[in-house]
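Asker: Take this structure, written in C-alpha cells, and hold onto it; I'll ask about it next.
The values are calculated or read from the model by the stated rules, or taken from the named source; none is laboratory data. Source: prediction; values computed, not measured. As a convention, Cβ positions derive from the backbone with ideal geometry for all residues, glycine included, and neighbour counts pool all protein chains shown. All accessible areas refer to the heavy atoms of the entire protein, side chains included, with ligands and DNA or RNA removed. Shrake-Rupley method; radii C 1.70, N 1.55, O 1.52, S 1.80 Å.
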Amino acid sequence: LTNLFIFPFFFCRNLFTRKPNARLEKPNDVGWKLFGKVPVRENSQKDPKNVQKEYEEKTGRAHRPLSPKQNVRKNLDFEPLSTTALILEDRPANLPAKPAEEAQKHRQQYEEMVVQAKKRELKEAQKRKKQLEERCKLEDSIGNAVLTWNNEILPNWETMCCSRRVRELWWQGIPPSVRGRVWSLAIGNELNITHELYEICLARAKEKWRSLSTGGAEVECEDAGFSAADREASLELIKLDISRTFPNLCIFQQGGPYHDMLHSILGAYTCYRPDVGYVQGMSFIAAVLILNLDTADAFIAFSNLLNKPCQMAFFRVDHGLMLTYFAAFEVFFEENLPKLFAHFKKNNLTPDIYLIDWIFTLYSKSLPLDLACRVWDVFCRDGEEFLFRTALGILKLFEDILTKMDFIHIAQFLTKLPEDLPSEEFFTSIAAIQMQSRNKKWAQVLAALQKDNREMEKGSPSLKR
Amino acid sequence: MAKQYDVLFRLLLLGDSGVGKTCLLCRFTDNEFHPAHISTIGVDFKMKTIEVDGIKVRIQIWDTAGQERYQTITKQYYRRAQGIFLVYDISSERSYQHVMKWASDVDEYAPDGVQKILIGNKADEEHKRQVAKEQGLQLAREYGMDFYETSACSNLNIKESFTRLTELVLQAHRKELAGLRAAAAPADLARLDEDELPPAGAEEAPKACWC
C-alpha cells in the first residue's frame, strides 16, 4: 500500500507520515512533505490537491476484487489516506540551503506535479458530474415509470397488462416501489388463498412447533404417512436454512428484522401443502418475496408461484418431468448456441449441473439480487419459459470463456457466477435468445417431449432415461 | 509443457443437511471457514490438486445438497464418483443414525470399487457432543471404512482425511496407474463413467482411459 502511495512522488526524497522516525532517515535531503490527513468522507472531492483518490480508483480497478467483502475491506484500508496535500518546503534552517539551481529544479518539478494533479482533479470532477447527470436521468426515468405504473397500468391491470407498451416497460425492470404489487397481480391467486387462510396455516404451524419443542404428544394431522420425526426434521431444516438464506444481507438470520416473517411463511406452507413440505431452495424464493411484499401477500404469491407446473415438478422432485424440462432446454440450447452445446456435450456437462440451482431458487442465489429481481420481473410476465431463456442468456454472455473451459471449470463457473455481471449486457444477451425451434415455441416443444415420455413409459417402463 | 496433474478423479461429499459438508470443502480447498455460509442447492463443485506419493492428483469434489428430497437427484451422481465422504455431525445423533442409510444408498448406486471414508465433523463442539468417538469408530469398523473426527472450524484433520481418501482411491486404481510415470497424458479416472461402461468392475477394465 505504501508503495502505491509513494509512487507518483518517486523523486520526492522524504515522506512525512505519522512514523516518528521518518524524519531521521535522511535528514539532509528535505524536499517537500506529503501529509496524510484523516478524511471527511464526503468532501474528499472538494480538496483540490487530492491526488490519492485517483490512485485509489486506479488500483481498485486494476485488481478488481472478487468478492464484495474484499472490496469493503479494501476501501477501508484506503480511507485514512484519501486526502493528501503536497507542500514544497525549504530545507530546515540548521542545514545548508539548497543551491539555487537545485531549488529551481525542485520548484519546477513541484509545479508540474501540482498542474498534473489539478488536471486529473478536473477530469475527475467532469466524470463525476456526468455520472451524477446519468444518475439523475435514471432516477427521473424510474420516477416516471413509477407514475406510469401507479396511475395508468395498475388501475387498469386487466386491460393493460398485455399491451405492447406495458410489456416493453416491464422488460426494462419494474420500479422497486411497485414491484411487489405487479408480481402479485402477475402471479395471480388461482388457489384463492385469503389472509385468513394464511393465519390459520400459521397458527397450525406454531402449534406444531410448540408441541415439538415441548416434546409433547403426537399432533394428529391430515398429513398421514409423514412421521413425527420427518416433520421435526423438516422444521429443523427450515430453521437451519433460514440462517443460510442470503447470509450476507444479515436480515433473515436469528434476530434479524425478517427472520420471523421468513420462518412464518415457510412454516405456514408446510401446513398448507404437507404433501410438498419444505424443500431446500424455497427459503430463497420466500425471502425475495418478503423483500417486496407484506407477509400474508408474500405467502399468497409464494404458494401460487410454487403451484406453477415447472416449480411443482422441481419442488416435488419429479425426476422424470425435470428431465423433460432439461431436454426441452437442450433443444433451445442447441438451436441458439450450437458451438457451446457441442462443447458441453463433449465434456459430459449435463444441464442439471447448473439448472437445478438456477431453477430451484429462481436465480436468486446465483445472480446479484437486483439482477435476480429483474429476471423475476420478466418471469412473472413470460412464465417458466423465461427461466430457461435466462439460462441461455447467461451461457451466451459467457460463451467465449466457457468454450475454453473443461468440465470442472465450467461447473464451478456456472454454479458461482461472477458477482459483477453487467445488467445491460446481461439483458441484451437474454434478448438475443430465440425461444423458437423449427417454428415451435417452448410450450409446444415441452408438450411434445412430455408426450414422447409418456408413450415410452407406457411401452417399456425400464426405458426411462 | 509440464503436465498440470497426473491423475484426475472425483470425490463426493454425502451426509445430512447442516453437518458441514460445504465447510469441510471450503476449509480444504481455500482454507477458509464461514460459519454463515449459504445453503447448497443441488450440487456445488470445487477442485484442488494435491501431491500424494509423488503423484500429482487433481481432485474434483462434488458437494451435494443434504435434504432427503434431493437424493433422487444426487443419486445420479454417485456412479460418477471414485471416492465418497460419508459425513455426520458429532453434535447430532440423527445425522449419525442416517449414515447407515447414506451408506446403503452408496452400495446401491455407486460403482463397486468406490472408496469410502467416515467423517464425524464439528469435533470442536465438544460441549454439544451427542455421538461418542467410539461410536464413530465402531460404525467405521462395521463398514470397513477409515474414520476421522474433523473440524472445519478449527482445521482439525481436514487435510488428513482428504489425503487419506485420495490415497485409498489411488491404491484401488493401482493397476491403471502402474504405467503412469511413463504416460505423457494425465490419467482421467473420472472419465471412466463418461464412456458409459457398466459400473460393476469398470475400474478393473484394461481399457482404462489414459486420454
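Asker: Could you check segment B:72-96 and list, in sequence order, the residues that are touching a Ser or Thr at 6+ places or on another chain (Cβ under 8 Å) and within 12 Å of another protein chain (Cβ to nearest Cβ)?
Answerer: If the condition is that a residue be touching a Ser or Thr at 6+ places or on another chain (Cβ under 8 Å) and within 12 Å of another protein chain (Cβ to nearest Cβ), then B:74, B:77, B:89 are the ones that fit.
Asker: For segment A:376-416, name all the residues that are surrounded by fewer than 20 Cβ atoms within 10 Å (Cβ to Cβ) and within 14 Å of another protein chain (Cβ to nearest Cβ).
Answerer: A:405, A:406, A:409, A:412, A:413, A:416
Asker: Then there is this: Out of segment B:47-66, which residues are without any contact (Cβ under 8 Å) to a residue 60 or more places away in the chain and at the interface with chain A (Cβ under 7 Å from one of its Cβ atoms)?
Answerer: Matches in segment B:47-66: B:47, B:65.
Asker: Something else about it: Identify all residues within segment A:229-286 that are part of a helix (DSSP H, G or I), open to solvent by 40 Å² or more (accessible area, probe 1.4 Å) and within 11 Å of chain B (Cβ to nearest Cβ); write none if there are none.
Answerer: Scanning segment A:229-286 gives A:229, A:230, A:232, A:236, A:239, A:240, A:248, A:249.
Asker: When segment B:18-36 is examined, which residues are found to be open to solvent by 30 Å² or more (accessible area, probe 1.4 Å), in contact with a helix residue (DSSP H, G or I) (Cβ under 6 Å, 6 or more places away or on another chain) and either over 25 Å from residue B:131 (Cα atoms) or outside any helix (DSSP H, G or I) (or both)?
Answerer: B:32, B:33, B:36
Asker: Another question, if that's okay. For the list (1) open to solvent by less than 40 Å² (accessible area, probe 1.4 Å); (2) within 14 Å of another protein chain (Cβ to nearest Cβ), I need the number of the one condition that residue B:69 fails.
Answerer: Among (1) open to solvent by less than 40 Å² (accessible area, probe 1.4 Å); (2) within 14 Å of another protein chain (Cβ to nearest Cβ), the lone unmet condition for residue B:69 is (1).
Asker: Sticking with this one: Pull out all pairs, ordered by first then second residue, where Cβ-Cβ is under 8 Å, the residues are six or more apart or on different chains, the first lies in segment A:334-350 and is under 11 Å from residue A:396 (Cβ atoms), and the second is part of a loop (DSSP other than H, G, I, E, B).
Answerer: Close Cβ pairs satisfying both conditions: A:336/A:433; A:336/A:434.
Asker: Let me ask something else. Sort through B:117, B:90 and tell me the only one that's under 14 Å from the mean Cα position of the chain (by Cα) and open to solvent by less than 20 Å² (accessible area, probe 1.4 Å).
Answerer: Of B:117, B:90, the one residue that is under 14 Å from the mean Cα position of the chain (by Cα) and open to solvent by less than 20 Å² (accessible area, probe 1.4 Å) is B:117.
Asker: Among the residues of segment A:310-350, which ones are assigned to a loop (DSSP other than H, G, I, E, B) and within 11 Å of chain B (Cβ to nearest Cβ)?
Answerer: Hits for segment A:310-350 are A:316, A:317, A:318, A:347, A:348, A:349, A:350.
Asker: All but one of (1) open to solvent by 20 Å² or more (accessible area, probe 1.4 Å); (2) away from every other protein chain (no Cβ under 12 Å) hold for residue B:103; state the number of the condition that does not hold.
Answerer: (1)
Asker: Check off (1) out of contact with any Ser or Thr (no Cβ under 9 Å at 6 or more places or on another chain); (2) under 30 Å from residue A:264 (Cβ atoms); (3) free of Cβ contacts under 8 Å to residues at least 60 places away in the same chain for residue A:149 and give me the number that stays unchecked.
Answerer: The number of the failed condition is (1).
Asker: Please count how many residues of segment A:149-167 are assigned to a helix (DSSP H, G or I) and farther than 16 Å from residue A:183 by Cα.
Answerer: Going through segment A:149-167 one residue at a time, the tally reaches 5.
Asker: Tally the residues that are within 7 Å of another protein chain (Cβ to nearest Cβ) and on the phi > 0 side of the Ramachandran plot, restricting the search to segment B:27-46.
Answerer: Here the count works out to 1.
Asker: Determine if segment B:1-10 includes at least one residue that is surrounded by fewer than 22 Cβ atoms within 10 Å (Cβ to Cβ), touching a strand residue (DSSP E or B) at 6+ places or on another chain (Cβ under 9 Å), of a type in the set (A, V, I, L, M) and away from chain A (no Cβ under 11 Å).
Answerer: no
Asker: Any residue in segment A:438-451 that's closer than 16 Å to residue A:386 by Cβ: show its pairings with residues that are open to solvent by 40 Å² or more (accessible area, probe 1.4 Å) at Cβ separation under 7 Å, as long as the two are six or more apart or on different chains.
Answerer: A:442/A:385; A:445/A:331
Asker: Checking residue A:320 against (1) crowded, with 17+ Cβ neighbours inside 10 Å; (2) over 23 Å from the mean Cα position of the chain (by Cα); (3) among the small types (Gly, Ala, Ser); (4) within 29 Å of residue A:389 (Cβ to Cβ): exactly one of these is not met. Which one?
Answerer: With (1) crowded, with 17+ Cβ neighbours inside 10 Å; (2) over 23 Å from the mean Cα position of the chain (by Cα); (3) among the small types (Gly, Ala, Ser); (4) within 29 Å of residue A:389 (Cβ to Cβ) applied to residue A:320, the lone miss is (1).
Asker: Identify all residues within segment A:116-142 that are within 26 Å of the chain's Cα centre (by Cα) and surrounded by 13 or more Cβ atoms within 10 Å (Cβ to Cβ); write none if there are none.
Answerer: A:142
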